[in-house]
Structure formats: structure tokens, C-alpha cells
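So the structure is just underneath, and the comments pick up after that.
Just so it is clear, none of the values below were taken in a lab; they were calculated from the coordinates. Small disclaimer: the values here were computed from a predicted structure and weren't measured. Ideal geometry is used to build each Cβ from the backbone, glycine not excepted, and the neighbour counts take in all protein chains shown.
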Amino acid sequence: VDKKRDKIERKILDSQERAFWDVHRPVPGCVNTTEVDIKKSSRMRNPHKTRKSVYGLQNDIRSHSPTHTPTPETKPPTEDELQQQIKYWQIQLDRHRLKMSKVADSLLSYTEQYLDYDPFLVPPDPSNPWLSDDTTFWELEASKEPSQQRVKRWGFGMDEALKDPVGREQFLKFLESEFSSENLRFWLAVEDLKKRPIREVPSRVQEIWQEFLAPGAPSAINLDSKSYDKTTQNVKEPGRYTFEDAQEHIYKLMKSDSYPRFIRSSAYQELLQAKKK
């Protein structure tokens, strides 16, 4: 009869039989699971054993398992170690952190702002002349007149205006009309210095110093004392990054003052409106 039974059914019957004898007639030396808790029995058998948990803490339960080896008792931390821990956690508390919701909002707003400039999502205007027969792109480049999207992009941030050659030109032209172009000219000169051959760097550093920072300079820029003192020391050993601190200070000044005035100026607004027509 057993041979005719299904294989799965025979396995079930075999498991039931094993379970019956494990409960009612346990093997000598094994714990009867119906009367004694196995964990409690293990603790009673090994009261002096300890083990290390996965969290690095010592438990009262000790095991002979190779994954739970006994560890020596650790010494209490010294005063210097505690001071270092306190200093470390203070630094962690002072770190600038952003909520995930704010980060997500920032990414979404950035994506929406630059959506029209992503050729994978929005067809570019004018179209790519290498992919189509439209020659509008070449005509715009030849005329040196920026497109509407290009002018609009200058308003996203000062970096967008500075990295566009036409944007830099329009920004400089606006500052010259207000007789305050020395900051932008200094910033551009320092950017050019970083690309110069190393043999030309010392002489170019002196030229920039004499034009913008030396006493009685024809195009003196306004620096704070800390940046000026550090730049003065750097000039003694000229390099491509001699004016790094001064350039950063001037960049912040332009971003907070000159650039907003340029975006609000009639020159930029007229250029933007002209491209919309």
C-alpha cells in the first residue's frame, strides 16, 4: 500500500511520526520541548559563559559556537578618550544637514528649470544642424545674436552668465556703463591666469597686482583686510592660484550686488523682450 501512495504524502507521514516520538519519547540527553524552554535550559547549563552579539555588546548567554567567541573584558575609557568622543559628537552635531524633503524639492525645481534645455526631453530650438536640414543655428552663430533661451538662461544664476561668452560680454558692457567694471575684469584676468603657460605666470601675476591691487592701482578693487594680506603674501611666490582668495571675495561681491543689478537693468530686460518678439 505504501508504494502506491504519493511521494509527498509519504514524507508527511514520516515527519508526523518523527514529531510524535520526539515529543513523547525524546532521545536520551535531549530536552523535552513540551516541558522545558530550550533557551532557559541552555542558560542554566552555561551560567558562566558569555558571548558577543552582532552589535558588539556582551550578553549573559554564552555559546560554544565559533561565531560567539568569549571576549576579554574591556577597560573603561580614560578621560582623554572621553574628551575625544565628546569632541567628535560635537563636530557631528554642528555639521550642516538637509532634510530629504528639501533635497528632493531642490532637485525637482532644478529639473523643472532646466527642462527646456535638455535635448533628450525637449527638442532644441533651433534644431541641431547635424541632425536636421535646418541652418538657423549656423545663422545665429554667424550673427552673434543670442537666442531667447540663451538670454533667459543668464537669469538662472551668475555662473550661467559668466560661462556664456555673449553673457560675459553683455555683463561687462553693463558694468562699464556704470563705471564699475573693475571687479569683473579682475575676475576674468584671474581666470585667464589659471590657463597661462607656467613661464608666463610670474609676469602676469605682477601685471594683475599692479593693475588691481597695488597702492595707487588704476583699477583698484575693494578687498577685505584678510584677503588682501593673504594675497600680498602669495604674490611673493607667484603661481596660478595666487589670487584665489581675492577672486573668491570679488565673486561673492558681484553675486550679491553687480549681478542682481544686471538682471534688473533695462539693458537685460530689453534684450530678453527683443528675443521674445
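For segment 88-155, which trypsin sites (Lys or Arg not before Pro) are both in a DSSP coil and crowded by at most 12 other Cβ atoms within 10 Å? Intermediate results must be reported in sequence, preceding the final value.
Working: sites: R95, R97, K99, K102, K144, R150, K152, R153; in loops: R95, R97, K99, K144.
For trypsin sites (Lys or Arg not before Pro) across segment 88-155 that sit outside H, G, I, E and B with at most 12 neighbouring Cβ atoms in 10 Å, the list reads R95, R97, K99, K144.
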FRET efficiency (K226, Q149; Cβ distance; R0 51 Å; to 0.05) is 0.80
Which of the residue pairs K102/K255; K195/K236; K102/K163; K163/K252; K195/K230 have a Cα-Cα distance greater than 18 Å in the structure shown? K102/K255; K195/K236; K102/K163; K195/K230
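Full extension from T111 to S256: what is 0.36 nm times the residue separation minus their Cα-Cα distance, to one decimal in nm?
Gain on stretching T111 to S256: 49.8 nm.
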Nitroxide proxy distance, nm - points 7 Å out along Cα→Cβ at Q16 and A217: 9.6
Once phi for every residue in segment 261-270 is put through the Karplus expression 6.51 cos²θ - 1.76 cosθ + 1.60 (θ = phi - 60°), the whole-Hz ³J(HN,Hα) values, with Gly and Pro written as x, are 5, 5, 5, 7, 5, 5, 4, 5, 5, 5
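Within 10 Å of each candidate Cβ there may be at most 10 other Cβ atoms; applying that plus a DSSP loop requirement, which chymotrypsin sites (Phe, Trp or Tyr not before Pro) in segment 141-246 survive?
Numbers: sites: W154, F156, F171, F174, F179, F186, W187, W209, F212, Y228, Y241, F243; in loops: F156, F179, Y241, F243.
Here the sparse-neighbourhood loop sites are F179.
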Within 10 Å of each candidate Cβ there may be at most 10 other Cβ atoms; applying that plus a DSSP loop requirement, which trypsin sites (Lys or Arg not before Pro) in segment 179-263 survive? K195, K236
In sequence order, calculated HN-Hα J values of segment 75-85 (Karplus, 6.51, -1.76, 1.60; Hz; x Gly/Pro): 7, x, x, 7, 5, 5, 5, 5, 4, 5, 5
Compute the length gained on full extension between E191 and E139: take 0.36 nm times their separation in residues and subtract their Cα-Cα distance, giving the result in nm to one decimal. 15.7 nm
Rounded to whole angstrom, the alpha-carbon centroid of segment 194-261 lies from that of segment 72-143 at a distance of 29
Give me the extension gain from Q269 to Q85: residue separation times 0.36 nm, minus the current Cα-Cα distance, reported in nm with one decimal. 60.6 nm
If you take the charge dipole of segment 102-143 about its Cα centre, with +1 on Lys and Arg Cβ and -1 on Asp and Glu Cβ, which of T135, Y117, S106 is farthest toward its positive end? S106
